[in-house]
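Data block below; observations after.
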Amino acid sequence: MNMMNSSRKYVIRLTIILVAAIFVIKLFAIQVLDIQYKLKADSNIIEREVRHPSRGLIYDRKGKLVVFNAPVYDLEVVPKDVNLKDTAAFCKLFDITQEEFAEKLDAAKRYSYVKPSIFIKQISNQTFATVQDFLINYPGFRIQPRTNRAYTRRALANALGYTGEISKYQLERDSANYYRQGDYIGISGLESMYEDQLRGKRGVRYKMVNVRGVEKGAFQDGALDTMSIPGENLQATIDLDLQAYVETLMKGKKGSVVALEPKTGEVLCFVSAPTYDPNSLSGRDYSRNYSKLLSDTAKPLYNRPLMGIYPPGSIFKTVQGLIALQEGIITPETRFPCDRSIISCHGPHSYEDLKGAIEVSCNPYFWNVYKRMLNRGVSENTFEDTEIGLKAWREHVLSFGFGTTLGIDLPNEKGGYIPTPALYDKLYGDNRWKFSTIYSNAIGQGELQIVPLQMANLAAIIANRGYYYIPHLIKSIGDGGQPLEKYREKHYTTIDASHFTPVVEGMAEVVKTGTGSYRAKLKDIEVCGKTGTVQNNGEDHSVFIAFAPKDNPQIALSVYVENGGQGARAAAGIAGLLIEKYIQGCTERTQMEEYILKGDFYD
Amino acid sequence: MYGENTNGRIHFKRRFLRLREQNNFINRLDWGVILLYFLLVALGWLNIFAVVFDVQQQDQSIFDISLNSGRQLIWIATSVGLITLLMLIDFRFYDSFAYLLYAAVILFLIFVLLFGREIAGSKSWFTIGGFSLQPSEFAKFATALAVAKYLSHNNKAFESIRSQIILFAIIGLPAILIILQGDTGTAMVYSAFALVFYREGFSPLLLGIGVAVVVLFVLTLFIPQLYLIIAVVVTSFLFIGINTKKTKRIVTVAVAAVAVICVIVSVDFIVTDVLKPHQQNRIKALINPDADPLGYGWNVTQSKIAIGSGGFWGKGFLEGTQTKFDFVPEQSTDFIFCTIGEEHGWIGSMVLIGLFVLLLIRITAIAERQKSTFARVYGYSVAAILFFHFAVNIGMTIGLFPVIGIPLPFFSYGGSSLWAFTILLFILLKLDAHRMQILNRAQ
């Protein structure tokens, strides 16, 4: 028996050693060979906390704050820690129904049992003040401060744009992989154009958490952490007071007002009417307010200065005159009879020179000018001759920034349209059209289409006597104090400075002696302007471009009032008040203000 | 003068002999085992501190008795007292009072079942003052003594069915009582006596069948029933094919095959109807912890992550993150090995396993050198119980064994288990130190 059992003692020892060997081998496999446990251990304890940079602020040209970041509070929940005794009281406190509560909690649980997820978004400051004392009674719920865009004035909504959660589509297009789901991004206006400058740089903090998600200090003492860099502040070219004033003037009207500083291309005011409160598209009521604005028949979201494509009307006669002078087909002294059999006209005049023709807006005069421009006998064939003429004319027109987008720092800019021979070939057939087919262009009708921003730019070009800077709304980014490169570049038209004099003189006369445009006339400032009336199915659209003072102009502008009747009636009045307010800082013409304010120009 | 002198000399001689006897006792103690014991206890204590250590609290003391590490130090100190006591008790006591101790423990187990306190689902605790005591821990050494005693006066125990039944009853009784307490894990420790029985001449065939059933049971969890049955049938035919001449062999193989197939078919029934849901889950977690890593797979998954993330050298003392941030459950007690794995890596794990192997081999060697059956059987019982704890405890933390809540001897936090293991081990050392006298007495 002892013999047998002594062999068994070795079996027993062997068993012990065998089990130990299996353990050592298995341990080698999971500790040394398999690295996935290390990764899993890290993902267990490391929580990546994004440090959101504060978004850049926007100031107006005088340094007044326009856009800032207001604190809002998200209520977060960690389902694991929730221990609610009185759900009804909780729901009452946060103003949600019990069903909503259950639904939100379920969603949070589906996301993670131990990680925080947002329970209620964007609790306002007031609600936060009332609930923060009660939060201690609700384990598992906590407040996460965040910021929302907020606006100091109820103005400039159409230019500022708004921010919101990044869409799926934008996420997919984000090739730099900067954004994460739930990030806020500029969606329109300056917020989207200057997104890269405003957003700043995200920082990251790696912290260690225990199994309940409770923080246990920095991972590797913060060696991998990065600080967030706040976004750059922007200084806008807009004069916020002026902007608000003009928005008030435009109340009850549809249209746009754009004012520029001619010497720099800086946009002083940028009004689209009707407008809306920028605060309404920030915060938790965003979707409700957005759909309300979207369904509004007056289209408040339609950014008229950039998107409203209209025929320019009579203001285009200034361009016709300038091109003709440059081409040498007329001189300032050239006169044409006001032959109303070829095209209708208005007012008592019969045989004007260029200055007079602009002053009285003589249609036959510019019919003749345009005919000379298009048909110069270069070719025997009238059709071909017209085509050559149209091409040469179009070159000049394009140099005014017409026909293509100017490149303002706002999205959704439209370029309008300057007709090409190809268009007429398509409309009428090759060699089937000539001057008499397309003469409407002579007086800014026909196939011409421009947007109000281009009209204001035209005023600036005339004010500058031949050049312009691309209009822009941001004059200084961060501490650099410079606008973007492309806004520092002078663009010359094809017209020599000397040719502007008769046109400027004519425009000065318009304001001095014109029938409706006297509303733009000011006591101490010599205003140059040009009215336009664009035929429409209902009441005509009213257009007015102007700059002032005549010498060394400080402001150039366009006013476009839809259905505003004779251009002078509404548009010139607004232009006058705007110039006065900008140059003198105030207006004494309260009667004019009242006239503009009470005028309801659409229903 | 002379007489006085002789008297004095005799007196001196007596004193000298007594001194020598004491010296002999000290010398005969197995200091290797004692060294290993204190090494394991001390390392355990350090690791318990590593578990409770909080990175964010600056001056935490390992001696703070509000922490587990401080309390464990009290258990260690009292264990040293216990050891002294055990050494002072006459070695004949254990032999003589083996059945009485056993009976007392059984009574305790019944008492605890009736009046005990329920902690974590098992009703196996007595609470006296602020301390909780777990009688089932102490049942182990008492049962070992009883088994040793029984085998010491039944030389041919494994040749009679009756004495085999009595033997199985001795280990079965406490096991059943402990199962009734709801602590299946501790009850399973009693299966470790199979190793003792094997050493003492129990048929390896029956043991082999027992092991085979367990292996088969586990296999059915991994492999579809049908494949197993096909495999059994094919193997049977192979056996028969080799020995076609012997009809007896054919019958034996056929019967065995049918029995095996019965076991396979019954597994489904056992798993779904006999085992409790949490026991089923532990088996499922062993097979595929990834199926529900946040649910029943949590313990095993997190335990493996903690150990696996330790790498070759480990993260360093007090640098573990998984154990420190509570990802591993029961980390001071049942999952204490995770701390070793995480903070001391493969090297540390290997050292710990090495210490246990040394201890276990040493104990089997001590058992082998006993002159009396009683001491030898007791020695193997100690080895078997410690081995079972060691194998199952570490096995479960690295996903080789279902999660069974039993502590790592000398290492895990807990007074009852440390005391019980200390008693278990030092009774053996006491018996060992007197092995020569035991021999005399037996003769």
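The values are calculated or read from the model by the stated rules, or taken from the named source; none is laboratory data. Since this is a predicted model, take the numbers as computed values, not measurements. Here Cβ is always computed from backbone atoms with ideal geometry, including for glycine, and neighbour counts include all displayed protein chains. Heads up: the accessible areas ignore ligands, DNA and RNA and are worked out on the full protein's heavy atoms, side chains in. Shrake-Rupley method; radii C 1.70, N 1.55, O 1.52, S 1.80 Å.
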ask   = Quick one: Karplus J couplings for region A:573-586, per residue in order, coefficients 6.51, -1.76, 1.60, θ = phi - 60°, nearest Hz, x for Gly and Pro?
value = x, 4, 4, x, 4, 5, 5, 4, 5, 6, 7, 9, x, 7
remark   = Given the candidates A:Gly265, B:Met436, A:Gly481, the one whose Cα lies deepest towards the positive end of the charge dipole of the protein assembly as shown, counting +1 at each Lys or Arg C-beta and -1 at each Asp or Glu C-beta, is B:Met436
note = For region A:255-344, listing GluC sites (Glu not before Pro) in a DSSP loop whose Cβ sees at most 16 other Cβ atoms within 10 Å gives A:Glu333
query = Cross-link list A:Lys530/A:Lys581; A:Lys263/A:Lys523; A:Lys201/A:Lys581; A:Lys62/A:Lys486; A:Lys92/B:Lys324: which exceed 31 angstrom alpha carbon to alpha carbon?
reply = A:Lys201/A:Lys581; A:Lys92/B:Lys324
query = With point charges of +1 on the Cβ of Lys and Arg and -1 on the Cβ of Asp and Glu, referenced to the Cα centre of the protein assembly as shown, which listed residue (B:Ser381, A:His346, B:Val351) lies farthest in the positive direction of the dipole?
reply = B:Ser381
note = Checking rank on A:148-155, A:36-43, with mean other Cβ inside 10 Å and highest first, the result is A:148-155, A:36-43
query = Between region A:322-388 and region B:81-137, what is the C-alpha centre distance in whole Å?
reply = 121 Å
request  = Return one quarter of the surface area of the convex hull spanned by the alpha-carbon atoms of region A:48-235, equal to its mean projected area, in nm².
outcome  = 13.0 nm²
ask   = Once label points are set 7 Å from the Cα along Cα→Cβ at both B:Gln437 and A:Asp106, what is their separation, rounded to one decimal in nm?
value = 7.6 nm
query = For the pair A:Asp479 and B:Phe131, what calculated FRET efficiency results from E = 1/(1 + (r/R0)^6), where r is the Cβ-Cβ distance and R0 = 56 Å, to the nearest 0.05?
reply = 0.20
key: Neighbour net charge for A:Ala422 - beta-carbon separation under 14 angstrom, K R +1, D E -1   = 0
note = Here the gain from full extension of A:Tyr179 to A:Asp430, 0.36 nm per residue of separation minus their alpha-carbon distance, amounts to 85.2 nm
With DNA, RNA and ligands ignored, accessible area of A:Thr147 (1.4 Å probe; Å², nearest 10) = 70 Å²
remark   = Nearest-0.05 FRET efficiency for B:Leu205 and B:Leu180 at R0 = 30 Å, using Cβ-Cβ distance, is 0.45
Residue-averaged [θ]222 nm for chain B, counting only DSSP H segments that reach four residues, each worth -39500 (n - 2.57) = -23500 deg cm²/dmol
query = For region B:311-443, with only Lys/Arg (+1) and Asp/Glu (-1) charged at the beta-carbon, what is the dipole magnitude about the Cα centre, in debye rounded to 20?
reply = 820 debye
remark   = For the pair A:Ser295 and A:Ile22, the simple spin-label estimate (label points 7 Å beyond Cα toward Cβ) gives in nm 7.1 nm
key: Number of partner chain Cβ atoms within 10 Å, mean per residue of B:321-329   = 5
inquiry  = Among B:Ile423, B:Ile264, B:Ile366, which one shows the highest mean-square fluctuation when chain B is modelled as a Gaussian network with alpha-carbon springs under 10 Å?
reply    = B:Ile264
inquiry  = Could you put B:Val267, A:Val32 in order of accessible surface area, largest first, with the 1.4 Å probe and the full protein assembly present?
reply    = A:Val32, B:Val267
query = For A:Thr97 and A:Ile35 in the same chain, what is the full-extension length gain: residue separation times 0.36 nm, less their Cα-Cα distance, in nm?
reply = 17.5 nm
request  = Mind ranking B:251-258, A:577-584, B:209-216 by how tightly packed they are, going by the mean number of other C-beta atoms within 10 angstrom, highest first?
outcome  = A:577-584, B:251-258, B:209-216
task = Go through A:Leu160, A:Asn148, A:Thr97 and say which Cα lies farthest out towards the positive end of the charge dipole of region A:48-235; charges sit on Cβ, +1 for Lys and Arg, -1 for Asp and Glu.
result = A:Leu160
task = Mind grabbing the base-10 log of I(q)/I(0) for region A:440-524 at q = 0.17, 0.25 Å⁻¹? Debye formula, identical points on the C-alpha positions, no solvent, two decimal places.
result = -0.95, -1.24
task = Using a/c under 1.5 as the rounded threshold, could you call the protein assembly as shown rounded, prolate or oblate? The axes a ≥ b ≥ c are square roots of the C-alpha gyration tensor eigenvalues, and prolate needs a/b larger than b/c, oblate otherwise.
result = prolate
request  = Could you tell me which of the pairs A:Lys371/A:Lys426; A:Lys168/A:Lys490; A:Lys521/A:Lys598 are separated by over 30 angstrom between their Cα atoms in the structure shown?
outcome  = A:Lys168/A:Lys490
key: Under-5 Å amide H pairs with A:Leu57, H placed in peptide plane, nonlocal only   = A:Asn233, A:Leu234
ask   = Using the membrane-span-like helix rule (whole DSSP H runs, Cα extent along the own axis of at least 20 Å, mean Kyte-Doolittle hydropathy at least -1.0), which helices of chain B qualify?
value = B:31-52, B:68-88, B:98-115, B:135-152, B:161-181, B:204-222, B:225-242, B:247-269, B:337-368, B:373-397, B:415-433
remark   = Sites removed, the longest contiguous part of chain B containing no DSSP-loop trypsin sites (Lys or Arg not before Pro) with at most 13 other Cβ within 10 Å is B:1-155
ask   = Considering every residue in B:389-399, what mean count of other chain Cβ atoms within 10 Å of its Cβ is obtained?
value = 3
key: Solvent-accessible area of A:Tyr439 with every protein chain in place, 1.4 Å probe, in Å² to the nearest 10   = 70 Å²
ask   = Helix-derived [θ] at 222 nm for chain A: sum -39500 (n - 2.57) over DSSP H runs of at least 4, divide by residue count, nearest 500?
value = -10500 deg cm²/dmol
query = With every protein chain present, what accessible area does B:Ile240 have (1.4 Å probe, heavy atoms only), rounded to the nearest 10 Å²?
reply = 30 Å²
query = Stretched out fully, how many nm does the piece from B:Thr84 to B:Ser61 gain, at 0.36 nm a residue minus the Cα gap?
reply = 5.5 nm
ask   = Top to bottom by accessible area (1.4 Å), largest first, where do A:Tyr469, A:Tyr113, A:Tyr365 land?
value = A:Tyr113, A:Tyr469, A:Tyr365
